[in-house]
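S.K.: Take this structure first; my questions come after.
The values are calculated or read from the model by the stated rules, or taken from the named source; none is laboratory data. In this text, all values refer to a predicted model and were calculated from it rather than measured experimentally. As a convention, Cβ positions derive from the backbone with ideal geometry for all residues, glycine included, and neighbour counts pool all protein chains shown. Ligands, DNA and RNA are stripped out before the accessible areas are found, and what is left, the full protein with its side chains, is counted by its heavy atoms. Shrake-Rupley method; radii C 1.70, N 1.55, O 1.52, S 1.80 Å.
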Amino acid sequence: MAAGIDDISIYIPRLYLDAADFAKARGLDPGKLERGLGIGQMAIVDTNQDPACLAANACLKVMQKNKLTPDKIGRLYVATESSFDESKAMNSYVIGMLEQVYGKDTFGHCGGIECKFACVSGSYALYDNTNWIRAGEAEDKYALVVVSDIAKYDLGSSGEVTQGAGAVAMLLNNTPRLLSFDPKVTSTSIKNEYDFYRPFGKETPIVHGQYSNLLYLIQVKNALIDYKKKVKETGLIKLKEGETILDHVDYLNMHLPYSNMGKKALAYLVRHEWRTLPRWKEIIDEVGMEEPIPKDPRGTIESVLEDADFMAKDHQFTKLFTNTEKYVELYESKLASSLIASKMIGNLYTASLYLGFRSSLEFEYQKGVDLNGKRVGFCSYGSGASAMIFSGVIQPEYAQIVKDMNLEEELGPRTKLSLDEYEELHENKRTHEENIRSANKEFVIVDVKTSNESKGERHYAFVD
Ligand code: HMG
């Protein structure tokens, strides 16, 4: 049975921090943010917003757009790493909010959980719900999978430039108008790692930035190796002599903690794939240097990062490689459009990959490309660490959905924060009632209980 994404909606908070202002305040060269990391603006939540509000707002959008009543939704899953309760699942809060609009107990029949594995958990949630549909258990109902996060790092830390917030809600069914997932090829890798983690009670993560970059690349490559094996075994793609699987994937969406990480990941995977193909000789001739090898090729991530000579040469090689004609063509056609939204919004953790997918659809459609039948590959990564690679094919009805996508309009008029306002929000110096923007047709927090018997109880309202 087919299963995939029928429609997709986003909700992005309207406050933002401008990367150039941020660079100035932190004494950084704005070029590092703009060109080095690919960051333009970071979406920031107001005092009366949390990841559950963001998720509920995205769900409401996709339901209203499709005129869906709750009886049509069989499962509602939330994937997040911005959880605020160790026990009560975030989807219960989301259902509580949606029932304020649709009526008490209208979601009573619906199942679902909150999923956690850093940024990759949304992909596991999609996979599980796709299989619920494939197993024939959906009884003509949709699964609603929403990925929602607030990416928040310590003030003054190297991760602070890679913040953002937002949610993406995806409606899944067995007659998807947007994208049908390829069966039996979803591939994963997993390893116990401490590249990025957030211990109980801590609002911001502990991060080993450069380690996390390299681990991301390695884990995604490992998942790709498994994906290739499955694609060959299932006969999904038949490779001719001298071809790589990437030649048959029209679009690649990467997990985007910052938009240039997508560029880094694409270059790494393409090098891995092309290195054994006849075309590599031509590439090396154009690059004008051999691909460097670490002193200890079987070493650890730490030993590779400490190998300064290798790191410098590899950096140089990557720069030259990514300027080759063949690579530029691949980058422009398969990845570039997916990075546009990330640059304007920042890191959404679980939602970053899917914001990228949405961005790619909108901006490729605007170029006039016929997307029908195009294969889309997804490279998902979550710290801690696990990667997942899967793919799907864009469906003939896609234009019904994509023609109305308009990121600028959806972001709406945004409010630029001053550095002082941003730091006040970051350090939780304002109460939830001291919001900066007035809410408009959205869910917001109206109360968080502090008494011993009901500590942490959250109450929300829909502001019309
Ligand atoms: P950093 O060390 O401050 O930056 O931290 P850098 O020195 O690596 O510079 C970044 C880039 O800017 C480099 O380019 C520089 O050359 C360039 P690259 O070598 O990569 O091509 N640059 C400049 N370019 C132009 N003009 C200039 C200039 N100066 C430098 N003047 C880091 C960067 C990402 C490590 C940091 O921001 C961080 O720790 N971020 C948080 C962790 C993170 O995002 N990791 C990504 C991989 S792990 C992941 O994706 C999982 C995650 O989403 C969590 C989850 O799964 O839940 C984070």
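S.K.: Just the residues that are open to solvent by 60 Å² or more (accessible area, probe 1.4 Å), part of a helix (DSSP H, G or I) and among the aliphatic types (A, V, I, L, M), please, taken from the stretch 106-143.
M.R.: Hits for the stretch 106-143: nothing passes.
S.K.: Checking residue 83 against (1) of a type outside the set (Lys, Arg); (2) farther than 20 Å from residue 161 by Cα; (3) within 16 Å of the ligand (Cβ to nearest atom); (4) in contact (Cβ under 8 Å) with a residue 60 or more places away in the chain: exactly one of these is not met. Which one?
M.R.: Of the numbered conditions (1) of a type outside the set (Lys, Arg); (2) farther than 20 Å from residue 161 by Cα; (3) within 16 Å of the ligand (Cβ to nearest atom); (4) in contact (Cβ under 8 Å) with a residue 60 or more places away in the chain, the odd one out for residue 83 is (4).
S.K.: Of the residues that sit in the stretch 190-212 and are of a type in the set (A, V, I, L, M, F, W, C) and open to solvent by 50 Å² or more (accessible area, probe 1.4 Å), which one is nearest to the ligand (Cβ to nearest atom)?
M.R.: Checked the stretch 190-212; the qualifying residue nearest to the ligand (Cβ to nearest atom) is 207.
S.K.: Which of (1) under 30 Å from residue 426 (Cβ atoms); (2) under 17 Å from the mean Cα position of the chain (by Cα) is the odd one out, the single condition residue 199 does not satisfy?
M.R.: So the condition that residue 199 fails would be (2).
S.K.: Another question, then. How about the stretch 151-189: which of its residues are within 15 Å of the ligand (Cβ to nearest atom), over 18 Å from the mean Cα position of the chain (by Cα) and under 21 Å from residue 382 (Cβ atoms)?
M.R.: If the condition is that a residue be within 15 Å of the ligand (Cβ to nearest atom), over 18 Å from the mean Cα position of the chain (by Cα) and under 21 Å from residue 382 (Cβ atoms), then 154, 157, 158 are the ones that fit.
S.K.: Consider residue 256 carefully, then state whether it is open to solvent by less than 30 Å² (accessible area, probe 1.4 Å), within 16 Å of the ligand (Cβ to nearest atom) and out of contact with any Phe, Trp or Tyr (no Cβ under 8 Å at 6 or more places or on another chain).
M.R.: yes
S.K.: Let me ask something else about it. Filter the stretch 381-420 down to the residues that are outside any strand (DSSP E or B), in contact with a strand residue (DSSP E or B) (Cβ under 7 Å, 6 or more places away or on another chain) and within 18 Å of residue 358 (Cβ to Cβ) and list them by number.
M.R.: Listed by number, the residues that qualify are 395, 401, 410, 414.
S.K.: Now a separate question. Output the residue which, of all residues in the stretch 144-181 that are open to solvent by less than 10 Å² (accessible area, probe 1.4 Å) and of a type in the set (D, E, K, R), is farthest from residue 404 (Cα to Cα).
M.R.: Filtering first and then ranking leaves 160.
S.K.: Also, quick follow-up: Tell me yes or no: at least one residue of the stretch 240-253 is within 14 Å of the ligand (Cβ to nearest atom), farther than 30 Å from residue 85 by Cα and either open to solvent by 30 Å² or more (accessible area, probe 1.4 Å) or at pLDDT 95 or above (or both).
M.R.: Yes, some residue in the stretch 240-253 is within 14 Å of the ligand (Cβ to nearest atom), farther than 30 Å from residue 85 by Cα and either open to solvent by 30 Å² or more (accessible area, probe 1.4 Å) or at pLDDT 95 or above (or both).
S.K.: Please work out which residue is least open to solvent (accessible area, probe 1.4 Å), limiting yourself to the stretch 400-415 and to residues that are over 16 Å from residue 65 (Cα atoms) and either in contact (Cβ under 8 Å) with a residue 12 or more places away in the chain or not acidic (Asp, Glu) (or both).
M.R.: 411
S.K.: Regarding residue 292, is this residue open to solvent by 70 Å² or more (accessible area, probe 1.4 Å), more than 27 Å from residue 45 (Cβ to Cβ) and of a type outside the set (A, V, I, L, M)?
M.R.: No; evaluated as a whole, the condition is false for this residue.
S.K.: Looking at the structure I just gave you, is residue 360 within 16 Å of the ligand (Cβ to nearest atom), within 25 Å of residue 237 (Cα to Cα) and within 13 Å of the chain's Cα centre (by Cα)?
M.R.: In short, no.
Residues are listed down the side, and each one gets a yes or a no for (1) free of Cβ contacts under 8 Å to residues at least 24 places away in the same chain; (2) open to solvent by 20 Å² or more (accessible area, probe 1.4 Å); (3) under 19 Å from residue 264 (Cβ atoms); (4) in contact with a helix residue (DSSP H, G or I) (Cβ under 9 Å, 6 or more places away or on another chain):
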residue	(1), (2), (3), (4)
287	no, no, yes, yes
305	no, yes, yes, yes
308	yes, yes, yes, no
311	yes, yes, yes, yes
316	no, yes, yes, no
323	yes, yes, yes, yes
340	no, yes, yes, yes
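S.K.: For the stretch 28-61, how many residues meet the condition of being away from the ligand (no atom under 15 Å from the Cβ) and either among the charged types (D, E, K, R) or more than 21 Å from residue 437 (Cα to Cα) (or both)?
M.R.: Result for the stretch 28-61: 4.
S.K.: For residue 227, are the conditions met, namely being touching a helix residue (DSSP H, G or I) at 6+ places or on another chain (Cβ under 7 Å) and among the hydroxyl-bearing types (Ser, Thr, Tyr)?
M.R.: No: the conditions fail for residue 227.
S.K.: I've got another one for you. Would you point out which residue out of 290, 329, 302 is away from the ligand (no atom under 16 Å from the Cβ) and in a helix (DSSP H, G or I)?
M.R.: 329
S.K.: Turning to a different aspect of this structure: Among (1) more than 19 Å from residue 165 (Cβ to Cβ); (2) within 16 Å of the ligand (Cβ to nearest atom); (3) open to solvent by less than 10 Å² (accessible area, probe 1.4 Å), which single condition is residue 348 missing?
M.R.: Failing condition for residue 348: (1).
S.K.: Condition first: within 16 Å of the ligand (Cβ to nearest atom) and either under 16 Å from residue 15 (Cα atoms) or touching a residue at least 24 places away in the same chain (Cβ under 8 Å) (or both). Can you find one or more residues in the stretch 441-449 that meet it?
M.R.: No, there is no match, as no residue in the stretch 441-449 is within 16 Å of the ligand (Cβ to nearest atom) and either under 16 Å from residue 15 (Cα atoms) or touching a residue at least 24 places away in the same chain (Cβ under 8 Å) (or both).
S.K.: Residues 334, 367: which one is closer than 22 Å to residue 405 by Cβ and buried (at least 18 other Cβ atoms within 10 Å of the Cβ)?
M.R.: The match here is 334.
S.K.: Report every pair of residues separated by at least 6 positions or lying on different chains whose Cβ atoms are under 8 Å apart, first residue within the stretch 198-211 and hydrophobic (A, V, I, L, M, F, W, C), second in a loop (DSSP other than H, G, I, E, B) and more than 11 Å from the ligand (Cβ to nearest atom).
M.R.: 200/86; 206/194; 206/199
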